[in-house]
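Q: One structure follows; several queries about it will come next.
The values are calculated or read from the model by the stated rules, or taken from the named source; none is laboratory data. Keep in mind that this is a model prediction, so the values were computed, not measured. Methodologically, a virtual Cβ is constructed for each residue, glycine included, from the backbone with ideal geometry; neighbour enumeration extends over all protein chains shown. The protein model used for the area step is the full one, side chains on, heavy atoms only, and it has no ligands, DNA or RNA in it. Shrake-Rupley method; radii C 1.70, N 1.55, O 1.52, S 1.80 Å.
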Amino acid sequence: MAQVEKARLTYFNGRGRGESVRFILAAAGVEFTERFLTEKSQLDKWRADGDLLFLQVPLLEMDGMKIVQTLAITRHVARKYGLDGKTAEQKTRIDMLNEGARDFLENYFGIGFVPSTEKLLAQIKDTVLPRYMPIFERELAENTSGYLVGDTLSYADVTLLEALLNTEEFLPGSLKDYPNASKFLAKVSSLPQMKTFLQGPQRKGANNDVYINTVKTVLEWL
């Protein structure tokens, strides 16, 4: 029997948008390797070779395809591994909740890149959490399975998990007034495949100077 080739993720050696790809692959139980972007010459070559349809990473090579755009990658994995709902209604609900969770999550992407991370976190605490957390708290209360939609894990759950983990990490104690979200966080992060990923080497640490400077240099943000 021919050996199945592992999926390969191309991204920086840090969180950013690539971390969401790692999360969904982990949730689906898909083993993957990583190719790290460290030099602008790499990016130039992959662009010239036509590997990056929209000239940017992340790139996931899987099922004989070169898939770009984070949400397209997420949905491909979700569809293939049954993380996108069972009915048309569930699929649409999951899409909506994932978009909201994604908007919530992306507020954390600026950490280390903005002039003042302290001000960014204050803004998240004062405006972002009050906007999004009551919505997800209510959704989790109404769906008694412990997941956002139906009775099984979906890619919206995975995105919300990533957002809540960032919240706990950078704004500790902020979830104390949201018991359903706290239970959700404990439940989903304890799933065997997620626990293995979160405790393993492919889960990236918080943005550090090496990662930040590499991104700025490669993307010519300096």
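Q: With each label point set 7 Å from Cα along the Cα-Cβ vector, what nm distance links residue 169 and residue 49?
A: If labels sit at residue 169 and residue 49, their model points lie 2.9 nm apart.
Q: Okay, helix-only estimate at 222 nm for the chain: each DSSP H run of n ≥ 4 adds -39500 (n - 2.57), divide by all residues, round to 500 deg cm²/dmol; what do you get?
A: Calculated from helices alone, the mean residue ellipticity at 222 nm is -16000 deg cm²/dmol.
Q: Are there trypsin sites (Lys or Arg not before Pro) in region 45-101 that DSSP marks as loop and that have at most 14 other Cβ atoms within 10 Å, and which are they?
A: Here the sparse-neighbourhood loop sites are 86.
Q: Specify the residue with the greatest mean-square fluctuation among 188, 128, 68, computed from a Gaussian network of the chain linking alpha-carbon atoms under 10 Å apart.
A: Between 188, 128, 68, it is 128 that shows the largest mean-square fluctuation.
Q: Please work out the FRET efficiency for the pair residue 92 and residue 42, using the Cβ-Cβ distance as r and a Förster radius of 41 Å; give the result to the nearest 0.05.
A: It comes to 0.60.
Q: May I ask you to list, by number, the DSSP H helices of the chain whose Cα span along the axis is at least 18 Å and whose average Kyte-Doolittle hydropathy reaches -1.0 or more?
A: The answer, listed by residue number, is 16-28, 88-105, 129-142, 155-170.
Q: What residue among 28, 78, 141 has the largest mean-square fluctuation in a Gaussian network model of the chain, using Cα springs under 10 Å?
A: Top of the fluctuation ranking is 141.
Q: With a 10 Å cut-off between alpha carbons and a GNM built on the chain, which of 96, 194, 133 moves the most?
A: Between 96, 194, 133, it is 96 that shows the largest mean-square fluctuation.
Q: Over region 107-213, with every protein chain in place, what whole percent of the accessible area is carbon and sulfur at 1.4 Å, could you tell me?
A: Whole-percent figure for carbon plus sulfur exposure: 53.
Q: Keeping all protein chains in place, calculate the accessible area per residue for the chain (probe 1.4 angstrom), answer in Å².
A: Result: 51 Å² of accessible area for each residue.
Q: Using the basic label-point model (7 angstrom from Cα toward the beta carbon), what is the residue 125 to residue 109 distance in nanometres?
A: Going from the residue 125 label point to the residue 109 one covers 2.4 nm.
Q: What FRET efficiency comes out for residue 209 versus residue 135 if R0 is 35 angstrom and r is the Cβ-Cβ distance? Round to the nearest 0.05.
A: 0.50
Q: While we're looking at this one, here's another question. Please tell me which of these pairs span more than 27 angstrom C-alpha to C-alpha: 91/216; 86/176; 86/195? Don't jump to the answer; show the numbers that get you there.
A: On the way: 91/216 37 Å; 86/176 32 Å; 86/195 25 Å.
Correct reply: 91/216; 86/176.
Q: Sorted by packing (mean other beta-carbon atoms within 10 Å per residue), highest first, where do 144-157, 173-186, 99-112 land? Show your work: numbers first, answer last.
A: On the way: 144-157: 20.2, 173-186: 15.6, 99-112: 18.6.
Descending packing order for the listed peptides: 144-157, 99-112, 173-186.
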